[in-house]
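Structure record follows, encoded as structure tokens.
The values are calculated or read from the model by the stated rules, or taken from the named source; none is laboratory data. The shown structure was predicted, so the numbers you read here are calculated from the model rather than taken from an experiment. When we count neighbours, we look across all protein chains shown, and the Cβ atoms used for this are built from the backbone with ideal geometry, even at glycine.
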Amino acid sequence: MERTVSLRTAASDAVQNDIFPALIHRARSLDPTAWDQLYTIAFPHVYRYIGSKVVNIQDAEDLTEEVFAGALQSARSLRAVDESSFFAWLFQIARFKIADRLRAQYRKPAEPMVEEFDAPDNAPSPEDNLVERDLQRELREALNALTREQQEVLRLKFVLEYDNDLTAEILGKSPGAINQLQHRALNQLRKVLRREGMMQ
């Protein structure tokens with residue numbers, strides 16, 4: 001059975017009463033209360049979306065904050081009219097911020113970590129961390145073999161757990177097209193994982 005999660009399930013009572021368009025309208029005028037409500041609703045979605053694209057937790061947190069700072073700066077030009085177009089706008093800002101971060105990282109090599117610390121007793125061993133990191137890297141590489149649309153569908157459906165209707169609204173497609181895109185994406189991902197020896 002497909003898990004379906006609407007943005008409204010995470011939203012406040014005000015948004016459940018379909019005043020999302022009014023919140024957006026007020027946000028265009030930089031109303032702090034409207035922005036506070038929109039931030040509260042959108043933060044977990046944007047954070048999980050970014051977290052599915054970057055490796056480092058600190059980067060995910062920083063980038064999420066950058067997305068909202070960028071959104072606030074361009075609020076007067078916001079053209080969203082409902083929750084799905086608002087989230088599509090935020091995810092677009094997120095893609096730009098991630099691309100900017102990657103370009104900056106390629107220009108500046110990472111500094112080696114020299115500070116030592118004691119890990120708590122229940123912390124995973126360095127070997128476990130290495131295996132987990134390698135697995136995440138291989139999975140990200142496999143996802144990168146998919147088209148951008150296929151990656152977006154898988155992120156929205158499986159990371160953010162959106163249903164077909166909401167995914168379709170955000171991507172500007174029909175629910176039937178989302179089904180087909182998801183099916184092709186999963187088939188392609190299986191092929192890549194088998195080729196890489198990560199799946200039988």
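List of remarks:
- Test: Arg190 is modelled with pLDDT under 85 and basic (Lys, Arg): no
- Listing of helices (runs of 4 or more DSSP H) fully contained in segment 144-200 that carry 1 or more residues being among the basic types (Lys, Arg) and over 19 Å from Ala42 (Cβ atoms): 148-154, 175-195
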